[in-house]
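Beneath this line is the structure, given in structure tokens, with notes to follow.
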């Protein structure tokens, strides 16, 4: 299985990332363990989570996903077979537990390491841009963590091209660690924001990309085709309807159906394979709540799309 580099970090990932937002939310601990075992045994290696997962669940305070992942790492003994990516910056319960200040980063990394039951985080990502903290302060704090061996590389999520470029410039000018990866929203439905400004930047500056919502909240699996289907997931229904239930969305789904049938694949596999084929994408992030779902998604890595299929999907999802 071909590995793609994550920037200049020295880390490399298989072509699919497991999204750990489901751990402790839609996948209980036992299910999460089965999913993680199947993912790693399938030849994949990068698991993405965040300290804030899953504060949106009633009664949760954050850290639930990291805690389950840490228990699996200890139980399975597979720490050296995986790369662990987590994030800091979104609000956690308690005063001052948000943003990218050096004080909070120092505390948050130790909290994450304790929950993950590991001595290092392979990829530590700024979950949101923090305009209130100078880049030099944030990057210097990350430098401390790298020198201490707590973090191997850093990345950015939810940054505009202008702000990401500024951060990279600060790193270069002050000889500080630089963001080696970007985690943007990107899929066949959501192309414009990445392709217009972020993609040229990551190509020029040599960043790896692990994009989230690779299946557009499930729309690209084909399971949402009517108003009635939206009731299957009340948490995602409104977002799917707003972004995907339109002429362009139906055109994308029709193209996926056509080419999936020709390839004896599923729409989800074709949608992910289209992303994997893009040179700037290191690996899309996707989540599953059953081993059967995960097996389907991992099958995308074994699917090779011809130039005609890629061109047809490009046309169906054209945004300009």
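The values are calculated or read from the model by the stated rules, or taken from the named source; none is laboratory data. Keep in mind the model is a prediction, meaning the values are calculated, not measured. Cβ: placed from backbone, ideal geometry, glycine included. Neighbour counts: every protein chain shown.
Looking only at residues in the range 242-278 that are part of a loop (DSSP other than H, G, I, E, B) and within 17 Å of the chain's Cα centre (by Cα), which one is nearest to residue 181 (Cα to Cα)?
Among residues in the range 242-278 that are part of a loop (DSSP other than H, G, I, E, B) and within 17 Å of the chain's Cα centre (by Cα), the one nearest to residue 181 (Cα to Cα) is 278.
Quick one: residue 40 ticks every box in (1) in a loop (DSSP other than H, G, I, E, B); (2) surrounded by fewer than 21 Cβ atoms within 10 Å (Cβ to Cβ); (3) touching a strand residue (DSSP E or B) at 6+ places or on another chain (Cβ under 9 Å) except a single one, so which number is it?
It fails just one condition, (1).
Taking residue 212 as the residue in question, decide whether it is surrounded by 17 or more Cβ atoms within 10 Å (Cβ to Cβ), without any contact (Cβ under 8 Å) to a residue 40 or more places away in the chain and under 20 Å from the mean Cα position of the chain (by Cα).
no
Here's the yes/no breakdown for (1) without any contact (Cβ under 8 Å) to a residue 24 or more places away in the chain; (2) surrounded by fewer than 15 Cβ atoms within 10 Å (Cβ to Cβ); (3) in contact with a strand residue (DSSP E or B) (Cβ under 9 Å, 6 or more places away or on another chain):
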{"position": "256", "(1), (2), (3)": "no, no, no"}
{"position": "260", "(1), (2), (3)": "yes, no, no"}
{"position": "280", "(1), (2), (3)": "no, no, yes"}
{"position": "294", "(1), (2), (3)": "no, no, yes"}
{"position": "305", "(1), (2), (3)": "no, no, no"}
{"position": "308", "(1), (2), (3)": "yes, yes, no"}
{"position": "313", "(1), (2), (3)": "no, no, no"}
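Which numbered condition in (1) in contact with a helix residue (DSSP H, G or I) (Cβ under 8 Å, 6 or more places away or on another chain); (2) part of a helix (DSSP H, G or I); (3) without any contact (Cβ under 8 Å) to a residue 12 or more places away in the chain is the only one that residue 107 fails?
(1)
Residue 52 fails exactly one of the following numbered conditions: (1) in contact with a helix residue (DSSP H, G or I) (Cβ under 6 Å, 6 or more places away or on another chain); (2) modelled with pLDDT of 95 or more; (3) not in a helix (DSSP H, G or I). What is the number of that condition?
It fails just one condition, (1).
Mind checking which residues of the range 299-320 are under 29 Å from residue 27 (Cβ atoms) and in a helix (DSSP H, G or I)?
Result: 299, 300, 301, 302.
Let's see how each residue does on (1) under 17 Å from residue 156 (Cα atoms); (2) surrounded by 16 or more Cβ atoms within 10 Å (Cβ to Cβ); (3) touching a residue at least 60 places away in the same chain (Cβ under 8 Å):
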position	(1), (2), (3)
189	no, yes, yes
193	yes, no, no
222	no, yes, no
267	no, yes, no
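Does residue 319 qualify as being surrounded by fewer than 16 Cβ atoms within 10 Å (Cβ to Cβ) and either touching a helix residue (DSSP H, G or I) at 6+ places or on another chain (Cβ under 6 Å) or under 20 Å from residue 14 (Cβ atoms) (or both)?
Answer is yes for this residue.
Filter the range 84-128 down to residues that are in contact with a strand residue (DSSP E or B) (Cβ under 8 Å, 6 or more places away or on another chain), more than 11 Å from residue 51 (Cβ to Cβ) and surrounded by fewer than 22 Cβ atoms within 10 Å (Cβ to Cβ), then give me how many there are.
4
Kindly indicate the residue of the range 279-298 that is assigned to a loop (DSSP other than H, G, I, E, B) and closer than 20 Å to residue 18 by Cβ and also farthest from the chain's Cα centre (by Cα) among those meeting that condition.
We begin by selecting, within the range 279-298, every residue assigned to a loop (DSSP other than H, G, I, E, B); these are 279-284, 287-290.
So of that shortlist, the ones also closer than 20 Å to residue 18 by Cβ come out as 281-284, 287-290.
Values: 281: 11, 282: 11, 283: 8, 284: 6, 287: 9, 288: 13, 289: 16, 290: 19 Å.
That would be 290.
Give the number of residues within the range 163-187 that are over 16 Å from the mean Cα position of the chain (by Cα) and in contact (Cβ under 8 Å) with a residue 12 or more places away in the chain.
Residues flagged as over 16 Å from the mean Cα position of the chain (by Cα) and in contact (Cβ under 8 Å) with a residue 12 or more places away in the chain within the range 163-187 amount to 12.
Being in a loop (DSSP other than H, G, I, E, B) and either out of contact with any helix residue (DSSP H, G or I) (no Cβ under 8 Å at 6 or more places or on another chain) or at pLDDT 95 or above (or both) narrows it down to one of 86, 67, 98, 31, so name that one.
98
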